[in-house]
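For reference, the structure discussed in these notes is given below.
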Amino acid sequence: MTEFRRASGVVEQLERLVAELTSDASVSAGAAPSDEARAKFVEARGKIEELAPTAEKMRHKCEARAELDELREKLSTMLPGAPSAEGAMKAAEDLVEAGGEGSAVLAPLLKQALELEGFATYGAKMVEKVVDLLQRFDVARSQLEGQLAPKLAESVAAAGAAEGARRLEEQRLAVQRAAEEERKAREEERRAVVMLLAENEHRLREKGAREAAERQAREEDERQKQQALAAAQAEEEALLRAEQEGEAVLAASGPEAACVQALAAMLAAPVGRYRAAVEGLHGMLGGIAAEPQDMSFRLIRVANEDFQENLGRRPGVWLFIRGVGFVVETRDALPSGLIASLGLPGGAPTDRFLILKEPDMMTAYAEWSQWHERIKAVAGFLHDLERLAFQRTAHLGQHGADISTCTVLSAAEVLQRWEASG
């Protein structure tokens with residue numbers, strides 16, 4: 001059931017209760033309200049408490065829709081050619097991305113509009129329905145608190161006091177019963193001492209059973225450890241196969257085709273992991289683009305658990321990293337002193353690293369410039385992809401983190417943006 005339907009049902013119940021209380025003779029005549037009237041009053045207040053948080057959230061969504069529409073109109077008037085309000089955000093986004101005239105002024109407005117767009121989930125017709133429902137809720141609440149509460153609140157409070165006295169008496173009787181039960185328990189304990197010798201043999205049998213159960217539990221624990229070890233080995237073998245298959249694709253088709261295949265493969269991941277992987281790749285390539293001489297961005301220890309958790313084990317990521325130019329080297333094949341200069345821990349000579357080699361700027365500037373422009377283009381593409389993934393999936397919330405990314409973002413769209421990035 002949707003949020004609106006649930007709220008509508010509660011409002012209808014509240015209106016019915018208020019109408020019945022208003023027409024109740026025991027309330028309108030000024031006499032002592034009936035038990036039924038008091039019960040309806042308490043129920044009505046309960047409905048208000050139940051609906052208040054939802055009503056407040058619905059008000060915020062309506063306000064967000066109004067703010068979003070106002071921002072769209074404002075963007076429309078600020079853009080060249082005065083596009084429609086519906087197309088203003090896309091036009092503003094294109095202008096800001098291109099860094100055109102006025103982009104510095106438009107950027108904060110566009111950011112605010114994008115944030116509102118993720119929260120303003122109501123359409124125009126739904127806003128009208130919600131506003132009408134909230135008005136009905138406010139009227140019913142006002143009638144209950146303004147007209148009926150002065151007549152009923154004192155009676156309800158008195159009934160509550162009587163109920164409190166009744167509960168106190170129940171508590172007193174409960175304490176009395178507990179004391180009697182405690183006395184009986186002590187007598188039972190005294191009788192139990194006489195039975196200790198007879199129970200000794202039974203306890204020995206229980207001890208043997210426990211030891212057998214503990215032995216079985218240890219064996220089960222060992223079996224689970226072996227299964228976990230086998231699963232870990234299987235995962236390592238699967239990762240190695242994926243690397244080998246990626247290397248085969250890279251060798252057969254070249255870096256560009258490898259990146260294309262990797263981007264399509266990455267969409268098989270759940271939304272949460274996909275967004276984390278794109279964010280991680282953007283951070284890595286963006287850092288290289290900004291500081292190409294900083295080797296800490298261009299050297300990755302393959303066995304690093306953070307790298308494996310966020311990137312290495314994700315489908316397509318290894319192939320993409322190889323496609324953009326990283327090569328695999330063992331520790332002993334790296335330049336002398338590089339590991340120590342970066343403060344990396346020691347390890348075996350066969351430890352593997354991913355390294356992105358930089359052309360010599362001094363002796364081959366044209367080659368270096370082409371390499372750097374390529375890295376910046378890939379970083380820009382990843383930034384655009386990161387934002388697109390957020391826009392497409394932000395409305396899903398935490399419950400959408402396990403949905404497959406390919407259901408909300410198509411490979412054709414991603415590859416079109418990749419080709420456009422140059």
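The values are calculated or read from the model by the stated rules, or taken from the named source; none is laboratory data. Values in this document were obtained by computation on a predicted structure and should not be read as measured data. Heads up, the Cβs are rebuilt from the backbone with ideal geometry, glycines too, and the neighbour counts pull from every protein chain shown. Note: accessible area is taken over every heavy atom of the protein model, side chains too, but ligands, DNA and RNA are not part of it. Shrake-Rupley method; radii C 1.70, N 1.55, O 1.52, S 1.80 Å.
In this structure residue 330 has an accessible area near 50 Å², from a 1.4 Å probe over the protein heavy atoms.
The figure for residue 306 is an accessible area of roughly 110 square angstrom, using a 1.4 Å probe on the protein chains alone.
Rounded, prolate or oblate: pick one for the stretch 314-422, where a ≥ b ≥ c are the square roots of the eigenvalues of its C-alpha gyration tensor, a/c under 1.5 means rounded, and failing that, prolate if a/b is larger than b/c, else oblate. Oblate. With R₀ fixed at 25 Å, the C-beta to C-beta distance from residue 370 to residue 293 puts the FRET efficiency at about 0.90.
Residue-wise HN-Hα couplings along the stretch 142-151, as the Karplus relation 6.51 cos²θ - 1.76 cosθ + 1.60 with θ = phi - 60° gives them from phi, are 5, 5, 5, 7, x, 9, 8, 4, x, 8 Hz; Gly and Pro carry x. FRET efficiency for the residue 57 to residue 362 pair, using the beta carbon distance and R₀ = 56 Å, is estimated at 0.40. Residues whose amide H lies under 5 Å from that of residue 269, counting only those 5 or more places away or on a different chain, are 405; hydrogens are built 1.01 Å from N in the peptide plane.
What number, rounded to the nearest 500 deg cm²/dmol, is the helix-based mean residue ellipticity at 222 nm of the chain, given -39500 (n - 2.57) per DSSP H run of at least four residues and division by all its residues?
Values: 15 runs with 310 residues, N = 422.
Per the formula, -25500 deg cm²/dmol.
Counting only residues at least eight positions apart within a chain, or on another chain, the lysines with an alpha carbon under 26 Å from that of residue 90 are 61, 74, 111, 125, 376.
What a 1.4 Å probe finds exposed on the stretch 295-422 is 55% carbon and sulfur by accessible area, rounded to a whole percent. Along the stretch 213-223 the Karplus relation, 6.51 cos²θ - 1.76 cosθ + 1.60 evaluated at θ = phi - 60°, assigns HN-Hα couplings of 5, 5, 4, 5, 5, 5, 5, 5, 4, 5, 5 Hz to successive residues, with x for each Gly and Pro.
Here the spin labels are modelled as points 7 Å beyond Cα on the Cα-Cβ line, and at residue 327 and residue 74 they lie 5.3 nm apart. Based on protein heavy atoms only, the chain ends up with 60 Å² per residue of surface accessible to a 1.4 Å probe. Give the distance, in whole Å, between the Cα centre of the stretch 328-379 and the Cα centre of the stretch 276-314. Using only Cα atoms to place each centre, the spacing works out to 13 Å. Kindly identify the chain as rounded, prolate or oblate by the Cα gyration tensor criterion: order the square roots of the eigenvalues as a ≥ b ≥ c, call it rounded if a/c is under 1.5, otherwise compare a/b with b/c, prolate if a/b is larger, else oblate. Because a/c hits 1.5 or more and a/b fails to exceed b/c, the chain counts as oblate. Accessible surface for residue 50 stands near 100 Å², nearest 10, in the context of the full protein assembly shown (1.4 Å probe). Residue-wise HN-Hα couplings along the stretch 121-135, as the Karplus relation 6.51 cos²θ - 1.76 cosθ + 1.60 with θ = phi - 60° gives them from phi, are 7, 7, x, 4, 5, 5, 4, 4, 4, 5, 4, 4, 5, 5, 5 Hz; Gly and Pro carry x. Applying both filters, DSSP loop and at most 10 other Cβ atoms within 10 Å, to the chymotrypsin sites (Phe, Trp or Tyr not before Pro) of the stretch 104-140 eliminates every site. Estimated at 0.36 nm per residue, the fully extended path between residue 67 and residue 126 surpasses their Cα-Cα distance by 19.7 nm. For the stretch 171-211, there are no residues whose amide N sits under 20 Å from a probe point set 7 Å from the Cα of residue 226 along the beta carbon direction.
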